[in-house]
Amino acid sequence: MAPHRVLLVEDDGPTRQHLARAVEAHPKLVLLGTAASLAEARALLAREAPDVLLTDLGLPDGSGIELIRELRRSAPGAVAMAITALGDERTVLSAIEAGASGYLLKDGSFAEVGEALMELSAGGSPISPGIARHVLRRLQRGGGGGQAAPASDPAAPHLTEREHEILSLIAKGFSFPEIAGLLSISAHTVTTHVRHIYEKLEVSSRGSAVYEAVQLGLIRLEE
């Protein structure tokens, strides 16, 4: 199988170098190029066709969210992962709506970055546990107002006990292989359950599934 081609967009030099080395260290990933601004990224996208966009959300001349939207229009088959800092929940939610399928903390190790990009390319939606916890808490508190999560919507789709269990683990940031190990089931079984969850919630990514489930009151994060 051909390596996955990655376009990296990050304005901070040391962070960009760290992530570039992480991509280059993985045998199944190829770094197409790097950009430090929205303008540079657009110029690269005009010349290259990445399989994966790994982009910061706060760029000096705009937002990585704009780039995610543009990628969806120009290359529907490509996937995007947002690089973000802990505590940037509102921007992460905007990235979900724009089409980002993964969310990675900037200080991830080489192994974590490579594994997350491979999971993304395989159809998963990797999200750092720290980001998952912060986003869910913000949703449950109504943006910080201390409100509890809403009661389950009567019109919400019915999830089986196993689907609910898997969705709760996804919300806490566990990967599919980790969920399989925790529940003593195969990774294939986890993937099948996740597909059914997506169908019921009418979503196409892990982040969107968590967002919808919290909004419908299907799950809540324990403090």
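The values are calculated or read from the model by the stated rules, or taken from the named source; none is laboratory data. Predicted, not measured: the structure shown is a model, and the values here were computed from it. With ideal geometry, Cβ positions are generated from the backbone for all residues, glycine too; neighbour counts draw on all protein chains shown.
When region 137-184 is limited to residues that are polar (S, T, N, Q) and modelled with pLDDT of 85 or more, the one that is surrounded by the fewest Cβ atoms within 10 Å (Cβ to Cβ) turns out to be SER184. Across region 1-23, the qualifying residues are those that are outside any strand (DSSP E or B) and aliphatic (A, V, I, L, M), and the one among them that is surrounded by the fewest Cβ atoms within 10 Å (Cβ to Cβ) is MET1. Those helices (runs of 4 or more DSSP H) of region 24-108 in which 1 or more residues are closer than 22 Å to VAL203 by Cα occupy 64-74, 89-98. Here HIS134 does not qualify as surrounded by fewer than 19 Cβ atoms within 10 Å (Cβ to Cβ) and either in a loop (DSSP other than H, G, I, E, B) or at pLDDT 80 or above (or both).
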